[in-house]
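Since the structure comes first, as structure tokens, the remarks are kept for the end.
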Amino acid sequence: MDDDAKRLLKQLKKTLRAVPAPVVRPATPPPPSDHELFLAAVAGAKPISWDRYIHPPKRPSPWPLQRWQDEARVMSEAMSDFWPWDELESGEELLYLRPGMKLDTLKRLRRGEWVVQAELDLHGHTVDTGRLAVAEFLLGCRHRNHRCVRVIHGKGLGSKQKQPVLKLKLKNWLAQRDEVLAFAQARSVDGGSGAVLVLLKGWREH
């Protein structure tokens, strides 16, 4: 090797030493998964030593609901849509007082002097389902000794004829029930012409 070649080789070696070697950095580890985070969070937890709580079975209702429903169906079949008086006109007020009762009873009912103890809303019912609902409601009120109740029959705004169909039937249904002593249109604060207050016999009066 001649002198020129030797000098060139030395110069090349110096150049190579001057260039720094590339730094190899370790790869960034991926973020922990949800499972790994959960295991880290419960690392110090200890399992409970007792078994899970078993809820006791729900006790059956003391009220004989099925028997009431059966009795109500029998009641509803005996409740005719028609009675010895003519059908009400749509704008007439619901009023009834059982013979032998004092007129003052009806006046007090109209004034709302009795506390309403139960309520039935007949919105969405047809004549057939409404009759059964009223029968079931009256039967339940009788067993619970409710004396004053409210039945919401509506004003018929949602009916095809825009007539209060259930209102026209309700008077006949109620008047045929022995436990009904009187009924009257509710005050405006209690539903007005869309509801009726009903006075029922107490246990001692049956």
- Note on the structure: Diffing segment 141-148: the Karplus 3J(HN,Hα) column from phi (6.51, -1.76, 1.60, θ = phi - 60°), in whole Hz with x for Gly and Pro, holds 5, 5, 5, 8, 6, 7, 9, 10
- For D121, which sequence-distant residues (separation of 5 or more, or a different chain) have an amide H within less than 5 Å of its own amide H, given hydrogens modelled in the peptide plane? I152
- Task: Could you tally the net charge around R187, taking each other residue with its Cβ under 13 Å from the Cβ of R187, Lys/Arg +1 and Asp/Glu -1?
- Result: +2
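Values in this text are rule-based calculations from the coordinates and carry no lab data. Given the structure is predicted, the values throughout are model-derived calculations rather than measurements. So basically every Cβ, Gly included, is an ideal-geometry build from the backbone, and we count neighbours across all protein chains shown.
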